[in-house]
Amino acid sequence: AQSVTQLGSHVSVSEGALVLLRCNYSSSVPPYLFWYVQYPNQGLQLLLKYTSAATLVKGINGFEAEFKKSETSFHLTKPSAHMSDAAEYFCAVSGSGNQFYFGTGTSLTVIP
Amino acid sequence: DAGVIQSPRHEVTEMGQEVTLRCKPISGHDYLFWYRQTMMRGLELLIYFNNNVPIDDSGMPEDRFSAKMPNASFSTLKIQPSEPRDSAVYFCASRSYNEQFFGPGTRLTVL
């Protein structure tokens, strides 16, 4: 079975500060891991994905995430937050099945 | 490609009425998923299809909900009769090799 836990339903950072959104996964098989972003009144858009290649994955808009098997984590980071990064972020896991299991989401607020 | 297309984008209806949500997946994608998103429950998987066949409908909340996929390019999610607690944003997504592509969603309000 697969699941993800996102720590912190709301995160606030100052513009220019580091963004760190936490995701821990549970999977009985080697996982595929994803981060999606949802802007207001829009659907979910893929930021990046881990599919068992490089453990450090770079995505769009300057985001990256590192797969750490020992910590069962896949945290999302961005060195410098921009106002346009304000959105809802979802971590998801997919294993040997066909379903994606989404976390409950983290709302990111960027303070000017 | 135009991406996943959903219609209508907004739907306001009265309790007891039938509601039909529509989805056109990305061409060539063999999986289609229906999700519901609310503040209280987050993103919930309702049902998914593989090659037009329903695989898992365990997330469908009640018999009032039904979904069909008559062909590879079209799916519907129907609620009959609708209730105020069905108010939510409904997303359709299609999948290509370990990546899901989401539509813009249908915001349903049941009065």
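The values are calculated or read from the model by the stated rules, or taken from the named source; none is laboratory data. Just so it is clear, the structure is predicted and the values come from calculations on it, not from any experiment. Neighbour counts are summed over all protein chains in view; Cβ atoms, including those assigned to glycine, are modelled from backbone coordinates with ideal geometry. Just the protein is used for accessible areas: all its heavy atoms, side chains included, with ligands, DNA and RNA removed. Shrake-Rupley method; radii C 1.70, N 1.55, O 1.52, S 1.80 Å.
Name every residue in region A:65-83 that is free of Cβ contacts under 8 Å to residues at least 24 places away in the same chain and among the polar types (S, T, N, Q), in order of residue number. Spell out the reasoning first.
Filtering region A:65-83 down to residues free of Cβ contacts under 8 Å to residues at least 24 places away in the same chain leaves A:66, A:68-70.
Correct list: A:SER70 only.
Identify the residue in region A:57-69 that is under 16 Å from A:THR5 (Cα atoms) and open to solvent by 40 Å² or more (accessible area, probe 1.4 Å) and, among all such residues, is nearest to the chain's Cα centre (by Cα).
Of the residues in region A:57-69, the ones under 16 Å from A:THR5 (Cα atoms) are A:65-69.
Still in the list and also open to solvent by 40 Å² or more (accessible area, probe 1.4 Å): A:66, A:68-69.
Numbers: A:GLU66: 10, A:LYS68: 13, A:LYS69: 15 Å.
Step by step, filter region A:57-69, then rank; the result is A:GLU66.
Please indicate, with yes or no, whether at least one residue in region A:37-54 is closer than 24 Å to B:TYR35 by Cα and in contact (Cβ under 8 Å) with a residue 60 or more places away in the chain. Give the derivation first.
In the first step, residues of region A:37-54 are kept if they are closer than 24 Å to B:TYR35 by Cα; the result is A:37-51.
With the extra rule that they be in contact (Cβ under 8 Å) with a residue 60 or more places away in the chain, the set shrinks to A:38.
Scanning region A:37-54 turns up at least one residue that is closer than 24 Å to B:TYR35 by Cα and in contact (Cβ under 8 Å) with a residue 60 or more places away in the chain.
B:THR13 is checked against (1) closer than 23 Å to A:TYR36 by Cα; (2) open to solvent by less than 20 Å² (accessible area, probe 1.4 Å) and fails just one. What number does that condition carry?
With (1) closer than 23 Å to A:TYR36 by Cα; (2) open to solvent by less than 20 Å² (accessible area, probe 1.4 Å) applied to B:THR13, the lone miss is (1).
Going by the structure shown, is A:LEU7 under 14 Å from A:SER107 (Cα atoms) and surrounded by fewer than 20 Cβ atoms within 10 Å (Cβ to Cβ)?
yes
Surrounded by fewer than 19 Cβ atoms within 10 Å (Cβ to Cβ), more than 25 Å from B:ALA88 (Cβ to Cβ), more than 10 Å from every other protein chain (Cβ to nearest Cβ) and in contact (Cβ under 8 Å) with a residue 12 or more places away in the chain: does that describe A:VAL29?
So A:VAL29 passes the test.
I need a count of the residues in region B:48-92 that are in a strand (DSSP E or B), among the hydrophobic types (A, V, I, L, M, F, W, C) and free of Cβ contacts under 8 Å to residues at least 24 places away in the same chain. Give the derivation first.
Keep residues of region B:48-92 that are in a strand (DSSP E or B), which gives B:48-50, B:53-56, B:65-71, B:74-79, B:88-92.
With among the hydrophobic types (A, V, I, L, M, F, W, C) added as a condition, the list becomes B:49, B:53, B:55, B:65, B:67, B:69, B:74, B:77, B:79, B:88-89, B:91-92.
Going one step further and asking which of them are free of Cβ contacts under 8 Å to residues at least 24 places away in the same chain, we end up with B:53, B:55, B:65.
The qualifying residues number 3.
Can you pull out every residue in region B:1-10 that is part of a loop (DSSP other than H, G, I, E, B) and surrounded by fewer than 20 Cβ atoms within 10 Å (Cβ to Cβ)? Spell out how you get there, then give the answer.
Let us first name the residues in region B:1-10 that are part of a loop (DSSP other than H, G, I, E, B), namely B:1-4, B:8-9.
Correct list: B:ASP1, B:ALA2, B:GLY3, B:PRO8, B:ARG9.
Residues are listed down the side, and each one gets a yes or a no for (1) open to solvent by less than 20 Å² (accessible area, probe 1.4 Å); (2) more than 13 Å from the chain's Cα centre (by Cα); (3) within 12 Å of chain A (Cβ to nearest Cβ):
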position: B:ARG22; (1), (2), (3): no, no, no
position: B:SER27; (1), (2), (3): no, yes, no
position: B:LEU32; (1), (2), (3): yes, no, yes
position: B:MET40; (1), (2), (3): no, yes, yes
position: B:GLU44; (1), (2), (3): no, no, yes
position: B:ASN52; (1), (2), (3): no, yes, no
position: B:GLY59; (1), (2), (3): no, no, yes
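Cβ-Cβ under 8 Å, sequence separation 6+ or interchain: first residue in region B:93-111 and under 17 Å from A:TYR39 (Cβ atoms) and facing chain A (nearest Cβ under 7 Å), partner of a type in the set (Lys, Arg) and open to solvent by 10 Å² or more (accessible area, probe 1.4 Å). Which pairs?
B:PRO104/B:ARG9; B:GLY105/B:ARG9
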